[in-house]
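Quick note: the coordinates plus some simple rules give every number you see, no bench work behind them. What you see is a predicted model; the values in this text were computed from it and never measured. Here Cβ is always computed from backbone atoms with ideal geometry, including for glycine, and neighbour counts include all displayed protein chains.
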Amino acid sequence: MLVAIKVMIFHQNSSNKRNLTDPDSELDVPKKQKIKSSFQHPLGIKPWGNYYVDSINNNFQISCRESSLGTLARLTDDLILEILGLLSIRDLLAISATSKVCYCFATFDELWKQLVIRKYNGDWWWQGTWRLTFLK
């Protein structure tokens, strides 16, 4: 939020004069610099899997979800997650390596949260995500 405020102040102050009300205004920020969100997924997966339902994405001519899941694409996301919840850890890790869509499902944090709670029964050290917590 602080970055957005600084950018707004910078754009309002179109000249390169120092804004005395903003102590950080002397930072040299180019006018048309785009601020990349730090919340982007490393594989380009959008929140709640929006990435794979885009009809045209990364030059795919068909839905990425359909091509990656095949006949499983007929199932709802919730049902797929329920099925994945029945798999062993080894199978879950294996399926996450098959495609971006399967990776999205197999690394869903709530899925790993349940595994951590069942396995460690409250005795764990948080590692940043439930998946990492389980695997360490």
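Treating r as the C-beta distance of LYS119 and ARG90 and R0 as 22 Å, the FRET efficiency rounds to 0.95.
How large is the Kirkwood hydrodynamic radius of segment 59-122, counting all unique pairs of alpha carbons, in Å? Walk me through the intermediate numbers first.
Values: mean 1/r = 0.0796 Å⁻¹.
Its Kirkwood hydrodynamic radius stands at 12.6 Å.
Computed packing ranks the peptides 103-116, 86-99 as 103-116, 86-99, most packed first, by mean other Cβ atoms within 10 Å. For a label point 7 Å from the Cα of LEU132 along Cα→C-beta, name the residues of segment 97-119 whose backbone N is under 14 Å from it. What the label zone holds, given the 14 Å backbone N cut-off, is 109.
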